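The values are calculated or read from the model by the stated rules, or taken from the named source; none is laboratory data. The shown structure was predicted, so the numbers you read here are calculated from the model rather than taken from an experiment. Here the Cβ is made from the backbone with ideal geometry for all residues, glycine too, and neighbour counts use every protein chain on show. Ligands, DNA and RNA are excluded from the accessible area calculation, which covers all protein heavy atoms including side chains. Shrake-Rupley method; radii C 1.70, N 1.55, O 1.52, S 1.80 Å.
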Amino acid sequence: MSTTDSGLDAAADHTDDADFADARIRHEALAAEILEHRHRYYDDDAPTISDSQFDDLMHELVDLEHRYPELKNADSPTEQVGTFSEAFTPVVHLEKMLSLQDVFSLDEVQTWADRITAEVPDEPYLCEVKIDGLAVDLVYEGGTLTRAATRGDGTTGEDVTANVATIDAVPQRLTAADGFDVPELLEVRGEVYFPAADFAHLNEARVASGMAPFANPRNAAAGSLRQKDAAKTAERPLSFIAHGLGALTGFAPDSQSHSYAALAAWGLPTSPYWKVVATLKEVFDYIAEYGSKRHELVHEIDGVVVKIDDIAVQRRLGATSRTPRWAVAFKFPPEEVNTKLLDIKVSIGRTGRATPYAVLDPVRVAGSEVEFATLHNPDQVKAKGVKIGDTVVVRKAGDVIPEIVAPVEAVRDGSETDFVMPERCPECDSVLAPAAEGDVDLRCPNARSCPGQLRERLAYLSGRSCFDVDRMGYIACAALVQPLEPSEPVLTDEGGVFDLRMEQLLPIKVVVRDPDTGLPKIDEATKEQKVVAYFANKEGEPKKTAVQMLENLETAKSQPLWRVVNALSIRHVGPVAAQALAEHFRDLDRIATADEEEMAAVDGVGPTIAAAIKDWFAVDWHREIVERWRAAGVRMQDEAPDPSEALPQTLEGLTVVITGGIAGYTREGAAAAVKARGGKPSSSVSKKTGAVVAGDKPGSKYEKAVSLGVPIVPGEDFDRFLTEGPAEPEPEEMPDGDESGSPSDGSEPE
Ligand code: IVH
């Protein structure tokens, strides 16, 4: 197939090209990795890489898709924003929740303002701080809070009404005040935040009870709000500040500041820090002022938001499909601090990867204490040029995960030592080796029983994207595989996890560690390490947590198939591939025995993942895990879908490209709607494309569709297209003498 002969098609045909084959493999692995990190960020509120590392992965993906547009598909991370959790009911916001255009320099603020001034000179600006929290949407009907939702993708969020109802700062009922009658309908947007003063305490308590600390207050807010059990949210000191309006009936503010006065009058908390100013010079002063006192406020901030105050002017300036033109977010640069690199240790991951990480003299960066930073692999350690004992520059790119920027070579005194990658696994003493020739990563080959690998796999399988076993946290997993001697590990691979019995748990003891230093605590009386039973109380009876963990393991046996697949820790298989496999095969045995080609052809799977699955099931002890789980009652099939619930497949097999914004749909929402009708959303136009839906401001894909003669559906007809399917193609040629076809004047046939 050649698509280049028209000269208009930028996407050359690469299907027989060896580089393309490599690119496809890399694309799949990258996409799976990115989706996994998104899931950790959005669903688990527990990112494991920094924003800048995430951005690097995204850039590589974008680059690949730029070179090979045919790699792009509707499931590509470049086509999706965020993810949704299954724990909360989706709700559609009354009005779309827009985001903000980020800028990183005063020059860019100037450019934004110049564009506005060219159209509307001398408009006052409203400056406010950008709260580092979680956006929520509150709906008040007749003055009563009827719904609260997270932002989600801007169109659809998650229903967190019960959780938000526990936040004291959010009134259940609005109060009327002088000049401000309670409106019939009010959709208010704002930020749920974790107060800065409580953040350190929360993390101390988490570490003390064996949980990982939150990376920053934003994650703490998200983790606290998005609890399945609202009673847990109630235990957290969350607060709320309103910063905008959505749908509104019965009140018409004339400026943003007027709306803040109204919100405050109705009893909704507004920021104490906003200020209306007349000139851009004052905007710059505001940015400088809050840049220097960013850690002195009641909540953390990651920038300053500048808005045009006048609402009529806001309307006139309008918005793109994602962000308003009347506002901009100035993001503070990542903060960098110096600290000592005390040591470089090596951790062993779920798939055996040995990752060096820095142990730092604890230091406060961007509002939280940093003690560790990943160094990824030995090559990275070399590339960064750091030595143990160095003073290093640490930053939190995107204010999430800390990273070492560089050593401060000028202050070296000669005592610094080079890091030597250990030859043996620090957890089980096996000799580390690359999985394949040329691999930069070293791995522990003792996959089955290395306590490090097994602990990580267990923690993963009990996590939110797998069996979701509450009470089976990280320390519990560690205790099951690495109890204090002389106890033997209760689990030597994950096969026995569903057969755990209370009498196995009760003897397990763990060392108590100091939450600040991570070092074992010493018993004052005995001067020995302090040791406690993890699952039993002082009387030797089961703790509530142990009882609940076993109960939760029992209910977890009927989780849907994709969670079981994801829980197997197969390389490259994350939640997305697991869902694709479960949806296609519906039965674990069918996945285990599937033909590799059939598997690779499943949308969202591909050859790398298919090969990894084949390899996984070829290993005896892997198959034994599946058999033990099955014998314990883990469900290994999904029910067939109820045909009565399926939408009519109006677009069956049709490749559909969407370009430009479509009212009422996000990009991924529109793609999902096409999929639900049996269509195949795609992002590149070729002669084989069945239809191009051209929304607001269509891109070059529209021109290409015109040039290739691909049928075009106007964005406003998208709903009709979904329900009725593509229009019948017009006959190419009129049979001689037939007058009943299209009239020759180009008008619509009757
Ligand atoms: S205004 C249409 N004001 O930042 C304007 N947003 O990066 C929408 N945020 O999703 C938002 N503080 O959740 C606004 N003072 C503030 C804010 C703020 C934090 C969040 C908001 C938004 C995100 C965009």
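Applying the criterion of being part of a strand (DSSP E or B), of a type in the set (Ser, Thr, Tyr) and under 29 Å from the mean Cα position of the chain (by Cα) to the residues of segment 337-358, the residue that is farthest from Pro434 (Cα to Cα) is Tyr357. Each residue in segment 95-141 was checked for being under 30 Å from Thr233 (Cα atoms), more than 22 Å from the chain's Cα centre (by Cα), open to solvent by less than 20 Å² (accessible area, probe 1.4 Å) and within 15 Å of the ligand (Cβ to nearest atom), and 3 of them qualify.
Going by the conditions given, is Lys275 at pLDDT 95 or above and open to solvent by 50 Å² or more (accessible area, probe 1.4 Å)? Yes, satisfied. As for segment 359-382, it holds no residue that is within 16 Å of the ligand (Cβ to nearest atom), assigned to a helix (DSSP H, G or I) and open to solvent by 60 Å² or more (accessible area, probe 1.4 Å). Considering only residues in segment 281-336 that are out of contact with any Ser or Thr (no Cβ under 7 Å at 6 or more places or on another chain) and basic (Lys, Arg), the one that is surrounded by the fewest Cβ atoms within 10 Å (Cβ to Cβ) turns out to be Lys281.
Residue-by-condition table, conditions (1) surrounded by fewer than 20 Cβ atoms within 10 Å (Cβ to Cβ); (2) assigned to a helix (DSSP H, G or I); (3) within 16 Å of the ligand (Cβ to nearest atom); (4) of a type in the set (D, E, K, R):
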site: Asn163; (1), (2), (3), (4): no, yes, no, no
site: Ile167; (1), (2), (3), (4): no, no, yes, no
site: Pro171; (1), (2), (3), (4): yes, no, no, no
site: Thr175; (1), (2), (3), (4): yes, no, no, no
site: Ala197; (1), (2), (3), (4): yes, yes, no, no
site: Glu204; (1), (2), (3), (4): yes, yes, no, yes
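Among the numbered conditions (1) at pLDDT below 70; (2) small (Gly, Ala, Ser); (3) open to solvent by less than 20 Å² (accessible area, probe 1.4 Å), the only one that Ala12 does not meet is (3).
Scanning segment 284-324 for residues that are within 10 Å of the ligand (Cβ to nearest atom), outside any helix (DSSP H, G or I) and touching a helix residue (DSSP H, G or I) at 6+ places or on another chain (Cβ under 9 Å) yields His299, Ile301, Asp302, Gly303, Val304, Val306, Lys307, Pro324.
Within segment 325-336, being under 11 Å from Gln101 (Cα atoms) and either assigned to a loop (DSSP other than H, G, I, E, B) or away from the ligand (no atom under 16 Å from the Cβ) (or both) holds for Arg325, Trp326. Can you tell me which residue in segment 242-264 is farthest from Gly179 (Cα to Cα), limited to those that are of a type in the set (A, V, I, L, M) and open to solvent by less than 10 Å² (accessible area, probe 1.4 Å)? Among them, the one singled out is Ala242. Each residue in segment 226-250 was checked for being at pLDDT below 95 and among the hydrophobic types (A, V, I, L, M, F, W, C), and 3 pass.
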